[in-house]
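Encoded as structure tokens, here's the structure I'll be asking about.
Bear in mind that the values in this text are calculations on the coordinates, not laboratory data. Computed from a predicted structure; not experimentally measured. All Cβ positions, even for glycine, are placed from backbone atoms using ideal geometry, and neighbour counts span all protein chains on display.
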Amino acid sequence: MKIIKDYLLVCKYYILILGLFVIFPLHAQDARFTVVLDAGHGGHDPGAMSANSKEKDINLAIVLDLGAIIEQKFKDVKVVYTRKTDKYLTLQERADVVNDHHADLFICIHTNASLSPSAYGAETFTLGLAKSKANLDVAMRENSVILLEEDYKTKYKGFDPKSVDSYIMFEFMQDKYIDKSVEFSSIIQKQFVSYSHRTDRGVRQAGFWVLHRSACPSVLVEVGFISNPPEERYLTSDQGQKEMATAVFNAFVDYKRMHDKKSGRQMSSVAKIVQPAKEEEHIRKQISLPVDTPKQKEVVKPVAAVQQKPDVDTVFKKGKTETPITTSKNNAQTPVFKVQLFVSLKNIKAKSSDFKGVANTDYFVEDGMNKYTVGNETEYSNIEKIRKSVVAKFPKAFIIAFIGDKKISAREALKLKK
């Protein structure tokens with residue numbers, strides 16, 4: 001009997017060891033970089049339309065081309081599609097795909113439209129309060145798909161895509177992923193110019209529900225105007241769709257390399273795709289648009305550009321004053337931790353109800369936005385206590401750090417303190 005018990009015990013150990021060998025590879029596989037690709041609209045929601053084409057078809061073609069290139073070139077990247085067919089999904093369902101797969105990056109592909117047939121060019125949006133009527137119009141159009149759902153005001157917590165007042169919520173948005181989103185958007189726009197020879201309409205911000213509900217760096221790309229006949233011909237052609245997909249892929253190559261470097265992983269050796277020289281002249285002729293020059297583009301500067309040349313707009317401002325003051329009193333070599341509460345485009349008075357009773361708040365300005373903080377600690381344990389004390393009022397509050405006037409991540413600051 002004892003022999004049998006010993007035998008069963010040994011079997012249990014072997015089964016446990018075998019299970020570990022099976023689980024660890026699966027865990028490693030799940031830990032791959034995950035990118036979610038979203039082809040806007042679909043099914044009974046055609047998106048913008050012309051006499052000859054529908055936005056939903058252009059979006060899907062570009063997404064499928066983009067996904068195929070990433071899957072072919074990157075073995076350490078998991079590509080997830082919100083749709084691969086002519087299928088309708090709500091905005092929340094698209095965001096759910098992102099969150100359910102714990103995505104590292106979310107790319108939405110859309111096609112623009114305008115009442116003016118002369119409007120043209122490509123632009124990339126990140127989440128934020130629209131700084132112009134044109135940006136607000138784009139957000140309203142893309143969010144209008146919500147109206148196809150029953151009881152949409154309940155499902156989307158009272159958000160009405162037709163009401164300007166509903167977009168005020170994005171003024172107090174949580175800012176955790178904006179820096180990386182802006183960074184990726186800027187890279188995409190550069191590739192649209194250098195690879196696809198497209199007109200650069202810049203990086204913009206607006207209140208897109210699907211970006212708001214996605215917990216990772218997220219961008220919404222408007223690849224061009226279906227309302228402009230020459231641009232429509234380009235975007236509905238196989239060549240145009242592949243070129244746009246390749247430009248976004250090239251941007252992804254750069255972004256993934258930076259992500260690997262910051263994460264301490266081995267950087268990817270995947271190279272960008274170079275446009276064959278013999279095709280360049282043909283491409284230029286194909287997308288040449290003898291129409292009005294677009295209005296001056298609204299560009300959101302990447303954080304890296306701000307950090308390289310700190311000026312009066314990138315240093316701390318006390319929440320109790322209207323004039324900026326520097327933090328030169330801080331030891332330039334000692335990291336200072338703060339808890340970021342929220343972001344606003346306007347200056348909020350220290351005693352405002354927006355702070356929900358949290359006292360001694362500061363703010364700094366970055367990329368034209370006021371970023372409100374609390375705490376000023378050199379010990380991480382102390383700032384973590386402060387974060388826990390305010391998390392009930394600001395659930396998305398997170399810890400940031402500074403070396404002098406330079407903003408760095410909390411992870412970088414902890415490394416410097418070791």
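Taking a spot 7 Å from the Cα of residue 44 along the direction of its beta carbon, which residues of region 74-105 have an amide N less than 13 Å from it?
The answer is 88-90, whose backbone nitrogens lie closer than 13 Å to the label point.
Simple spin-label model, 7 Å along Cα-to-Cβ: residue 84 to residue 164 in nm?
Output for this residue pair reads 4.4 nm.
How about region 102-159: which GluC sites (Glu not before Pro) there are in a DSSP loop, with at most 13 other Cβ atoms within 10 Å of their Cβ?
Of the GluC sites (Glu not before Pro), the ones in loops of region 102-159 whose Cβ has at most 13 other Cβ atoms within 10 Å are 150.
May I ask which residue of 267, 89, 182 lies farthest towards the positive end of the charge dipole of region 32-300, with charges of +1 (Lys, Arg) and -1 (Asp, Glu) on Cβ and the Cα centre as origin?
Going by the charge dipole, the pick is 267.
Further question on the same structure: At each listed q (0.11, 0.12, 0.21 Å⁻¹), what is the log10 of I(q)/I(0) that the Debye formula gives for region 328-418 modelled as equal alpha-carbon point scatterers?
Each listed q corresponds, in turn, to -0.30, -0.35, -1.05.
Would you mind checking which residues have amide H under 5 Å from residue 227's amide H? H placed 1.01 Å from N; only 5 or more apart, or other chain.
Here the answer is 114, since their amide H atoms fall under 5 Å of that of residue 227.
Still on this structure: Hey, can you grab everything whose amide H is under 5 Å from the amide H of residue 208? Only 5+ residues off in sequence or another chain; H modelled, so Pro and N-termini drop out.
Here 128 satisfy the definition.
Please work out the FRET efficiency for the pair residue 137 and residue 417, using the Cβ-Cβ distance as r and a Förster radius of 35 Å; give the result to the nearest 0.05.
0.15
Another question, then. Quick check on the exposure proxy: order 187, 403, 69 from fewest to most C-beta atoms within 10 angstrom.
So the residues, fewest neighbours to most, are 403, 69, 187.
Shifting gears a bit: Please list 3J(HN,Hα) in residue order for region 154-160, calculated via the Karplus relation 6.51 cos²θ - 1.76 cosθ + 1.60 where θ = phi - 60°; whole Hz, with x for glycine and proline.
Per-residue couplings from phi come out as 6, 5, 10, 6, x, 5, 10 Hz.
Sticking with this structure for a sec: Within region 46-137, how many lysine pairs that are 8 or more places apart, or on different chains, have C-alpha atoms less than 25 Å apart?
10
Starting at the first residue of region 49-55, write each ³J(HN,Hα) from the Karplus equation 6.51 cos²θ - 1.76 cosθ + 1.60 with θ = phi - 60°, in whole Hz, x for Gly and Pro.
Per-residue couplings from phi come out as 9, 10, 5, 10, 8, 10, 4 Hz.
How about region 57-141: which chymotrypsin sites (Phe, Trp or Tyr not before Pro) there lie in a loop by DSSP and see at most 16 other Cβ atoms within 10 Å?
Qualifying residues, ordered by number: 88.
In 10 Å bins starting at 0, how do the alpha-carbon pair distances of region 32-300 split up by percent?
The percentages, shortest bin first, are 7, 32, 39, 19, 3, 0.
Set the Förster radius R0 to 56 Å, insert the Cβ-Cβ distance between residue 346 and residue 76 as r into 1/(1 + (r/R0)^6), and round the FRET efficiency to 0.05.
0.85
HN-Hα J couplings of region 392-399 from phi, Karplus 6.51/-1.76/1.60, θ = phi - 60°, integer Hz, Gly and Pro as x?
Listing the rounded values in order: 5, 8, 10, x, 9, 5, 9, 8 Hz.
Turning to a different aspect of this structure: Rounded to whole Å, give me the distance from the Cα center of region 362-418 to that of region 203-245.
The two parts, judged by their Cα centres, are 34 Å apart.
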